[in-house]
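Trainee: Below you'll find the structure I mean.
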Amino acid sequence: MASFKRVYIDSLTGAYNRAFLDEKIAEILQNARDEGKVLSVVMFDIDYFKRINDLYGHAVGDQVLREFAQFLKNSLRAGDILIRYGGDEFLAILSNVGYSDALKIVERILENCKKQEFAKLRITVSAGISSFPKHADNWESLFELVDKSLYFAKRNGRDRVGVLQNVGRVIIPTYDIVGRINEIEKIINFVESSKKAKVLHIIGEIGVGKTRLVKEVLNHPQLKSYDKFESLLSPSTKSIVFYPVRQLVKYLAQKNDSILKELPPSLLSEIYKLNPPENSELGELFYVDKFKLFEALKELLKVYTQKVSPLIIFIDDAHWIDEFSLELLSYIFRSEDAGNFAVIFASRIEETKEDLIKKFFGLLRRDFMEIRLMPLGKEELKQLTVMVFGQNVPDFFVDFLFFKSGGNPYIAYELIESLTKSGDVYWNGESWEFKKDFDFDVPSTLLALTEMKIASLGAKELNVLEYMAVFGKPVDLDLLSDLTSLRYEELIPIMDRLENLGFISRDFAGSYYV
Ligand SMILES: Nc1ncnc2c1ncn2[C@@H]1O[C@H](COP(=O)(O)OP(=O)(O)O)[C@@H](O)[C@H]1O
Ligand SMILES: [Mg+2]
């Protein structure tokens, strides 16, 4: 018994662990098959769980998990199986329960969950369901479907059960990228064109699809053999000296923990000044010998790409790069023997006009490419719209969208969301209907969109935004709670909404800024 516990029980929550699932699932399914019974698989996932860990620490996070597991156990029948599948993912196997019953059960669980506290905190949960034999008759497919269903739930706003058919809901953004075939091919060819260091600069207006394009490239099977490092910059990282470089070093060291030892000690010590290894005595930042540091990074990239793997470095929203990082990169690119890596910058055309990056690229001659990313064409926008609605759409609607968005997918998505909210596009129970005469004042520019978004804010949200604007610096929830006299549980949904609308962002430390 003791050893069963050790092998099959998750010690934190007391639920079964994944080893149990792996061991038993074939048998469970076979029994259902033999007895001609139904069964449903449910995956629960706590929304924004990482935030709990970040805000309150892991001890509180663990307590939430414990209490949540207990809550699930209490909500299920004695014969049901509860498995802790991953960090905050719990999988339940409900025997003798078909899909429609499972849906009712899970919806009730999600409702009850909101009525109580876990480690004194309020949480919401997303869930996915797949059923045997309705959806699939083998575990692999059942799991794929429960995962997909959970994904729909997350994509559609969390705090819900994802429905597999996804009927009556727009899917934004689309699962598959639309168009960009030439760009993808061009970028892959460029990355593979030589074994030397190279830089690619993607510029385009906000929302045109720069990030999406690069993500597609990074996930492309043709670039499977590359390690990929991504760094997303923002106004607050701009003031952190060497921000993306520090992240890069951490990434490389994590991927291959012995790589740093390949460097001569004198160079290594410079790198340690940027990123002190854990448990080291080098707490404070020493004076950095810039050129030694540059040399160290160059060496690190060279050794890494020779001995471990070629590398793609993606620096997103690169118009916010700090000048030290840029200087370092130009140093590396000027040397003859840099390693086999590609740096991809994506930056907004509005911000790139006469800034650092332009100057940087002015200095480069070799192995450099620039792609100006243009909005989608009308045919592509039509494809995108069909994917969003999961059905054919009338031409007049596509014309209208194209006219208003100019083919910018972000604006197109915003418009579609507004039109479904206003009821100008609605679900009649079987398919989407598109009203011909829109009773909807459509903003024609991003600026107007922003104004429309502001108009949609509630009093409390506006209030919070005002406080933040006046305060001017990043604020954490504690401070914000003091300033506004709002409690955490009121504040967090407000912050989520403001963040979703793009009014505020969060920095690496979890503080919010306007
Ligand atoms: N080619 C595309 N096909 C489908 N969706 C797209 C495409 N390009 C962009 N999107 C979507 O449009 C939105 C804005 O794109 P994003 O890449 O974030 O823009 P940018 O980085 O240029 O500001 C995202 O939701 C993204 O998924
Ligand atoms: Mg982007």
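The values are calculated or read from the model by the stated rules, or taken from the named source; none is laboratory data. The shown structure was predicted, so the numbers you read here are calculated from the model rather than taken from an experiment. For neighbour counting, all protein chains shown are included, and Cβ atoms are generated from backbone atoms with ideal geometry for every residue, glycine included.
Trainee: Anything in segment 107-144 that is touching a Ser or Thr at 6+ places or on another chain (Cβ under 9 Å) and surrounded by fewer than 21 Cβ atoms within 10 Å (Cβ to Cβ)? List them, or say none.
Mentor: Residues of segment 107-144 touching a Ser or Thr at 6+ places or on another chain (Cβ under 9 Å): 108-110, 112-114, 127-132, 134-136, 141-144.
Scanning segment 107-144 gives Arg108, Ile109, Leu110, Asn112, Lys114, Lys134, His135, Ala136, Ser141, Phe143, Glu144.
Trainee: Which ones in segment 8-39 are in a helix (DSSP H, G or I), of a type outside the set (D, E, K, R) and surrounded by fewer than 11 Cβ atoms within 10 Å (Cβ to Cβ)?
Mentor: Going residue by residue through segment 8-39, those that are in a helix (DSSP H, G or I) are 8, 18-35.
Next cut, of a type outside the set (D, E, K, R) only: 8, 19-21, 25-26, 28-32.
Within segment 8-39, Gln30 is the sole residue that qualifies.
Trainee: Taking only pairs six or more apart or across chains, which ones have beta-carbon atoms under 7 Å, a first residue in segment 5-25 that is assigned by TED's automatic domain parsing to the domain that holds Val64, and a second residue that is among the small types (Gly, Ala, Ser)?
Mentor: Short answer, once both residue conditions are applied: Val7/Ala19; Tyr8/Ala19; Thr13/Ala69; Gly14/Ala69; Ala15/Ala69.
Trainee: Still on this structure: Go through (1) crowded, with 17+ Cβ neighbours inside 10 Å; (2) farther than 28 Å from Gly339 by Cβ; (3) within 16 Å of ligand 2 (Cβ to nearest atom) and name the single condition Ile187 misses.
Mentor: (2)
Trainee: What's the number of the only condition in (1) touching a residue at least 24 places away in the same chain (Cβ under 8 Å); (2) farther than 26 Å from Ser141 by Cα that Gly57 fails to meet?
Mentor: (1)
Trainee: Let me ask something additional. With respect to Leu462, determine if the residue is in contact with a helix residue (DSSP H, G or I) (Cβ under 9 Å, 6 or more places away or on another chain), over 25 Å from Val241 (Cα atoms) and surrounded by fewer than 16 Cβ atoms within 10 Å (Cβ to Cβ). Give the derivation first.
Mentor: Details: in contact with a helix residue (DSSP H, G or I) (Cβ under 9 Å, 6 or more places away or on another chain): yes; over 25 Å from Val241 (Cα atoms): yes; surrounded by fewer than 16 Cβ atoms within 10 Å (Cβ to Cβ): yes.
In short, yes.
Trainee: Something else about it: Condition (residue is more than 16 Å from ligand 2 (Cβ to nearest atom) and modelled with pLDDT of 95 or more) applied to segment 365-378: is it met by at least one residue?
Mentor: So far as segment 365-378 goes, yes, one or more of its residues are more than 16 Å from ligand 2 (Cβ to nearest atom) and modelled with pLDDT of 95 or more.
Trainee: Additional query: Can you tell me which residue among Ala127, Ala78, Ala102 is touching a strand residue (DSSP E or B) at 6+ places or on another chain (Cβ under 7 Å) and more than 27 Å from Leu491 (Cβ to Cβ)? Don't jump to the end; show me each part of the working.
Mentor: Numbers: Ala127 fails: more than 27 Å from Leu491 (Cβ to Cβ); Ala78 fails: touching a strand residue (DSSP E or B) at 6+ places or on another chain (Cβ under 7 Å).
Of the residues listed, the single one that is touching a strand residue (DSSP E or B) at 6+ places or on another chain (Cβ under 7 Å) and more than 27 Å from Leu491 (Cβ to Cβ) is Ala102.
Trainee: When residues of segment 77-117 are filtered for being basic (Lys, Arg) and touching an Asp or Glu at 6+ places or on another chain (Cβ under 6 Å), how many remain?
Mentor: First, the residues of segment 77-117 that are basic (Lys, Arg): 77, 84, 104, 108, 114-115.
Those left that are additionally touching an Asp or Glu at 6+ places or on another chain (Cβ under 6 Å): 84.
So the answer is 1.
Trainee: Taking into account only those residues within segment 205-246 that are in a helix (DSSP H, G or I) and without any contact (Cβ under 8 Å) to a residue 12 or more places away in the chain, which is farthest from ligand 2 (Cβ to nearest atom)?
Mentor: Here is the first cut: in segment 205-246, the residues in a helix (DSSP H, G or I) are 210-218, 221-223, 237-239, 243-246.
Applying the additional criterion that residues be without any contact (Cβ under 8 Å) to a residue 12 or more places away in the chain yields 215, 221.
Values: Lys215: 10, Pro221: 23 Å.
Within segment 205-246, the match that is farthest from ligand 2 (Cβ to nearest atom) is Pro221.
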